[in-house]
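Okay, structure first, notes after.
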Amino acid sequence: MWFMSIRECNCFRNVLRAVAVAFPLLAAVSLFAQQPSVPREAIEWTDVWMPHTNEQNLPRVLLIGDSITRAYYSGVEEQLKGKAWVARIATSKAIGDPALLAELAVFLGEAKFDVVHVNIGMHGWGFTEDEYRKGLPALLRTIRDGAPGARVIWAQTTPVRADREKGATNARIEERNRLARAFFTGEGVPVDDLHALMKPHADLHSDDVHFSKEGSALLSAKVAQAIEPLLPHR
């Protein structure tokens, strides 16, 4: 009969723990390895920011988006000052990319969010409109699973000043906005029409895609206006 010393038992337990941790990670890596080729940009990036992590006296809001969201974030934070703590995750990952869902799942687990505002349509032009449409349910499911009970708001993608041959065009943005509106309205998710807001304001672009300080201020006011009525009272 074989007996283990206390030291051997502890070592064995540590091995089991390591296996228990490694197995799901390996399974996840294997799952991603089996994914079909995902169209990505030459540079991918993610920027996360969550202030007042230990404060519980105000509702917590999450802005999900890209560089446009990052530009109007501070304005939303200022307009909701004293009413909510506002966090952001801005990323180049696109709807249809499983890496986007993985990023969101991690960040959503960092806090209890009461309102989630989503403006994430300006990337992923390597995906077809049908692939974009098929990616919407998984996006919403990830948000609802990660922030149960949170009120979700969908923002329509803003127009561009000039079409790009291998990037955003207004025709594609409008088609994706049509698909997104149909899906989110059917799911009972309110739509914040930032596209309609900015369409008459080509003069407020800083380049073909992004907006000037004045344009971002206009967006931040509209986003804060959409969020504030959904904040819970504490």
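Odds and ends about this structure:
- Taking the criterion of being over 12 Å from the mean Cα position of the chain (by Cα) and of a type in the set (Asp, Glu), the residues of region 98-142 that qualify are 110, 114, 129, 130, 131.
- Subset of region 73-97 [under 18 Å from residue 225 (Cβ atoms) and under 12 Å from the mean Cα position of the chain (by Cα)]: 88
- When residues of region 42-66 are limited to those that are aliphatic (A, V, I, L, M) and part of a loop (DSSP other than H, G, I, E, B), the one nearest to residue 88 (Cα to Cα): 50
- Subset of region 70-98 [within 26 Å of residue 133 (Cβ to Cβ), not β-branched (Val, Ile, Thr) and not in a helix (DSSP H, G or I)]: 88, 90, 92, 93, 94, 96, 97
- Taking region 147-234 as the region of interest, the helices (runs of 4 or more DSSP H) fully inside it that hold 3 or more residues being farther than 18 Å from residue 129 by Cα are 194-198, 213-227.
- Hits in region 202-221 (condition: touching a helix residue (DSSP H, G or I) at 6+ places or on another chain (Cβ under 6 Å) and surrounded by fewer than 20 Cβ atoms within 10 Å (Cβ to Cβ)): 204, 212, 214, 217
- Any chance residue 113 is more than 25 Å from residue 198 (Cβ to Cβ), among the aromatic types (Phe, Trp, Tyr) and outside any strand (DSSP E or B): yes
- Residues that are over 22 Å from residue 190 (Cβ atoms) and not in a loop (DSSP other than H, G, I, E, B) within region 116-139 comprise 129, 130, 131, 134, listed in sequence order.
- Unmet criterion (only one of (1) without any contact (Cβ under 8 Å) to a residue 60 or more places away in the chain; (2) surrounded by 14 or more Cβ atoms within 10 Å (Cβ to Cβ)) for residue 79: (1)
- For first residues located in region 101-121 and on the phi > 0 side of the Ramachandran plot, partners that are modelled with pLDDT under 95 and lie 6+ apart or on another chain with Cβ distances below 9 Å do not occur.
- Among the residues of this structure, residue 141 does not count as one that is buried (at least 16 other Cβ atoms within 10 Å of the Cβ) and among the basic types (Lys, Arg).
The values are calculated or read from the model by the stated rules, or taken from the named source; none is laboratory data. Since the structure is predicted, the reported quantities are computational estimates derived from the model, not experimental observations. Every residue, glycine as well, gets a Cβ built from its backbone with ideal geometry; the counts of neighbours run over all protein chains shown.
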